[in-house]
Amino acid sequence: MNNKKLKSNQFMATLRKRPFMSLFLFALLVGVQVKAQDEYLTFDGTNDYVALPISYNGVNAVPAVSVEAWVRTSFTGSGYNSNWAIVDFDRSDFYDLFVRGDDGRVGFSTYSATGAINDFYGNISVNDGQWHHIAAVYDGVDKHIYVDGVLDTSIANPHGGNALGKSTTRFGFIGDGSEAASYNAGKNNIFYDGDISEVRIWNRALDAVELDANKFPGTLNGSETGLFAYYTFDNGAVDDLGPNNFDGGIFNGPVFNNTDGVPVPPTGGSSVWSTNGNAIYYNTGSVAIGRTTVPNGYALAVDGFVRAREMRVDQDTWPDYVFTKEYHLPSLEEIQKHIDKNGYLPGMPSAKEVEANGLELGEMNKLLLEKIEQLTLYLIEQEHRISQLEKAASQNN
């Protein structure tokens, strides 16, 4: 194993030992430049391609599918299909993910026995010579195209809710169009001109959150639910790192490239993150996870569950002041009047306030401890009174 691969494995092993670090790191890296170590294949547009030992067969053979890849191309030709294809199992039989040769928009063509061929295109051109993550999803009803982790466009129910597939067999290709009834058989011979990395095929529909959070190289471990085939090109071969061992074959010499820092989002995307040793930081704004906005006054907003082994909250004050001589302990009569009037303890937030504003964990823990310390003082005072009563009673006897 080479040094690059060893370092990569050591890094991923560290993340697996620290699951919260892994979750937080990759959630924050959405749309951000990172220094990744990744290899990619360069196709010359003349005759090189990858044949996949994967096939579909029969009507309604594909109920749902998601296809992802990192691509970089500057090709401009005369026809929509003049730069086929990224991943192709035959546009007129199953599906085809490609970049249009004429205007650089992402194409996702699918076939259903009921709905026939549906040629569907995004709005964003990606033939600008920079890396882009592209993804196409058929969820069994609707089709979606994503660019750089963001939904580009959708089309509603193009196949009448039917699965994809014709009563034929089609094998797949990377870098050319498929007409193949067997492995490495018939092709369209319209070859892709550009770079491809991190190809993933899923037998389920991925949602926007999954696609955006996992789009960067190295974020999958190969055992994810529904992962059908997974090619990183990191080892100088088209090995399938998914569960099915669908290793691809290289033909006519697409070139493996090994360059630190690819793929990365295109120039003009966010690059506000910095590193300090092993720390990644961002000090010029706020961060949203699972949502698009952050309320004023907050640095991080999460719409979802957060799980951690431990959480530390910094506090400037702590209620030791309850035990000082200067502290005024409210009488139980005062507390009773407040409860009768307001329906909650003095100094505590009401249910209406919590529903509207949530809880501040540090402040709430401070308030709860203050109440516990007050109760302790009441008990001490009560014990003192009971002792005096017992003493008085014994003297009277």
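Taking (1) within 27 Å of Tyr183 (Cβ to Cβ); (2) at pLDDT below 90; (3) open to solvent by less than 60 Å² (accessible area, probe 1.4 Å) in turn, Gly285 satisfies each apart from (1).
Counting only residues that are open to solvent by less than 30 Å² (accessible area, probe 1.4 Å) and assigned to a loop (DSSP other than H, G, I, E, B), segment 196-217 holds 4 of them. No other residue among Asn221, Asn214, Asn184, Asn203 is closer than 25 Å to Ile124 by Cα and either modelled with pLDDT of 95 or more or within 28 Å of the chain's Cα centre (by Cα) (or both) apart from Asn214. Taking segment 136-152 as the range and being part of a strand (DSSP E or B) and open to solvent by 30 Å² or more (accessible area, probe 1.4 Å) as the test, the residues that pass are His144, Val150, Leu151. Return the residue satisfying two criteria in turn: it lies in segment 304-353 and is in a helix (DSSP H, G or I) and aliphatic (A, V, I, L, M), and of such residues it is surrounded by the fewest Cβ atoms within 10 Å (Cβ to Cβ). The extreme case among them is Ala351. If you go through segment 153-195 and keep only what is in a strand (DSSP E or B), farther than 19 Å from Asp44 by Cα and open to solvent by 20 Å² or more (accessible area, probe 1.4 Å), you end up with Thr153, Ser154, Ile155, Thr169, Arg170, Phe171. State all residues of segment 41-80 that are more than 30 Å from the chain's Cα centre (by Cα) and either over 21 Å from Ile196 (Cβ atoms) or open to solvent by less than 10 Å² (accessible area, probe 1.4 Å) (or both); if no residue qualifies, say none. If the condition is that a residue be more than 30 Å from the chain's Cα centre (by Cα) and either over 21 Å from Ile196 (Cβ atoms) or open to solvent by less than 10 Å² (accessible area, probe 1.4 Å) (or both), then Asp48, Asn57, Gly58, Val59, Ser78 are the ones that fit. Scanning segment 96-121 for residues that are over 21 Å from Phe171 (Cα atoms) and either surrounded by fewer than 23 Cβ atoms within 10 Å (Cβ to Cβ) or more than 28 Å from the chain's Cα centre (by Cα) (or both) returns Gly101, Asp102, Asp103, Gly104, Arg105, Thr114, Gly115, Phe120, Tyr121.
The values are calculated or read from the model by the stated rules, or taken from the named source; none is laboratory data. What you see is a predicted model; the values in this text were computed from it and never measured. Using ideal geometry, Cβ is built from the backbone for each residue, glycine included, and neighbour counts are taken over all protein chains shown. All accessible areas refer to the heavy atoms of the entire protein, side chains included, with ligands and DNA or RNA removed. Shrake-Rupley method; radii C 1.70, N 1.55, O 1.52, S 1.80 Å.
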